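Shown next, in structure tokens, is the structure this report addresses.
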Amino acid sequence: MIQRRLFTTVSRMVEEAKKLAGYAAVDNHVKNNQAIGIGSGSTIVHAVKRLAERVKEENLNVFCVPTSFQARQLIIENDLTLTDLDRHPELDVAIDGADEVDSDLNLIKGGGGCLTQEKIVAACAKSFIVVADFRKDSKNLGEQWKKGIPIEVIPMAYMPVSKALQGQFGGVAELRMAISKAGPVVTDNGNFLLDWKFDKVHDWNTINTAIKMIPGVVDTGLFINMAERVYFGMEDGTVSVRDKPAL
């Protein structure tokens, strides 16, 4: 009973932290007549809710580009205006979550399997803003997130890519398997996901480029030099802000 209460308390704390981060990002970065990239994941649910509130309260005119089927459904369910990169190839801001953030604002993303769309949308935005709870904050990638770096691959190439990853960079690359169905997870693009569990801290910019050069790799869950600011919802009910380090 005590363990259950403790779990419930922690869960509520984490959920409140996600809400704080999501609300802060929308309040500080969304303005009228903007095209906005809407990310994926549990923290984004709160950001979209706050966006819908502001649209109604302030009569904002905004256009939302989703990064996934989940994001698309969130936009529709909250009566926001759905658009795409064909109509809005240049976005004012993109707001998304992260699985882990290091001290230089490098990210691991793709735990939910939407990394390629998320990276495309983030790259189209003038400002890429990240929202996360306190559990995602690390000095170095891999300290908190232990599931590896997601890598989207063409299905026929998953085994050669796995061998290339392990041979060139060490660690273990595992094909992500589905939970509620037999077989591997399939992305919105019809591809497979490898989770590369690295065994040391790397130069992530160099590694990211090298992995993307392996034939069959679509993209990686390493978001290097992309985030402008991260909002962390903290345990004590505050929001911690980390900006991109000055060059």
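The values are calculated or read from the model by the stated rules, or taken from the named source; none is laboratory data. All values reported here derive from a predicted model rather than from experimental measurement. In this analysis, Cβ positions are derived from the backbone assuming ideal geometry, glycine residues included, and neighbour counts consider all displayed protein chains. Please note that ligands, DNA and RNA were not included when accessible areas were found on the heavy atoms of the full protein model with its side chains. Shrake-Rupley method; radii C 1.70, N 1.55, O 1.52, S 1.80 Å.
Between amide H atoms placed 1.01 Å from N, distances below 5 Å from G171 occur with D199, all of them 5 or more places distant or on a separate chain.
Dimensions of the stretch 123-186 based on its C-alpha atoms, expressed as ranges along the principal axes with the largest first, amount to 35, 28, 27 Å.
The Cα center of the stretch 1-76 and the Cα center of the stretch 79-106 differ in position by 12 Å. For the pair T206 and E58, the difference between a 0.36 nm per residue extended length and the Cα-Cα distance amounts to 48.8 nm.
Where in the stretch 218-247 is the amide nitrogen less than 19 Å from a point lying 7 Å along the Cα-to-Cβ axis of R12? 233-238, by backbone N distance to the label point.
Annotation for the stretch 91-198: trypsin sites (Lys or Arg not before Pro) lying in DSSP loop with at most 12 further Cβ atoms inside 10 Å of their Cβ are K139, K146, K181. Straight Cα distances below 12 angstrom link K31 to the aspartates and glutamates E58, D92, with same-chain residues fewer than 8 positions distant left out. With the Cα gyration tensor of the stretch 162-247 giving a ≥ b ≥ c as the square roots of its eigenvalues, does the rule (a/c under 1.5 for rounded; else a/b larger than b/c for prolate; else oblate) give rounded, prolate or oblate? Oblate, since a/c reaches 1.5 and b/c is not below a/b. Distances between placed amide hydrogens fall under 5 Å for V218 paired with E152, V153, I154, all partners being 5 or more residues away or on another chain. Beta bridges from DSSP with both residues in the chain: antiparallel share about 50 percent, rounded to the nearest 5. Counting only protein chain heavy atoms and rolling a 1.4 Å probe, the accessible areas of R50, R229, R72 rank, largest first, as R72, R229, R50.
The apolar share of the surface of the stretch 60-110, taken as the fraction of accessible area on carbon and sulfur atoms (1.4 Å probe, ligands and nucleic acids excluded), comes to 45 percent. Using C-alpha pairs below 8 Å separated by at least 6 residues, the relative contact order for the stretch 1-148 is 26 percent.
Share of carbon and sulfur in the accessible area of the stretch 138-203 stands at 57%, probe radius 1.4 Å.
A227 sits among other residues whose Cβ lies under 14 Å from its own Cβ, and their net charge, with Lys and Arg +1 and Asp and Glu -1, is -2. For the listed residue pairs K19/K163; K18/K119; K126/K147; K56/K212; K139/K212; K49/K136, the alpha carbons are over 32 angstrom apart in K19/K163; K56/K212.
Average accessible surface for the chain: 50 Å² per residue, computed with a 1.4 Å probe over protein heavy atoms with every protein chain in place. With an a/c value of 1.5 or above and a/b larger than b/c for the gyration tensor axes a ≥ b ≥ c computed over the alpha-carbon atoms, the stretch 41-134 is described as prolate. Sequence-distant contacts, meaning Cα pairs under 8 Å at least 6 residues apart, place the relative contact order of the stretch 81-225 at 28 percent. Do any GluC sites (Glu not before Pro) in the stretch 60-129 lie in a loop, going by DSSP, with at most 16 other beta-carbon atoms within 10 Å of their beta carbon, and if so which? The qualifying sites are E90. Across the chain, the mean sequence separation of Cα contacts (distance under 8 Å, 6 or more residues apart), normalised by length, yields a relative contact order of 22 percent. Taking every Cα-Cα distance in the chain and sorting them into 5 Å bins from zero, the calculated P(r) comes out as 1, 7, 13, 17, 18, 16, 13, 8, 4, 1, 0, 0 percent.
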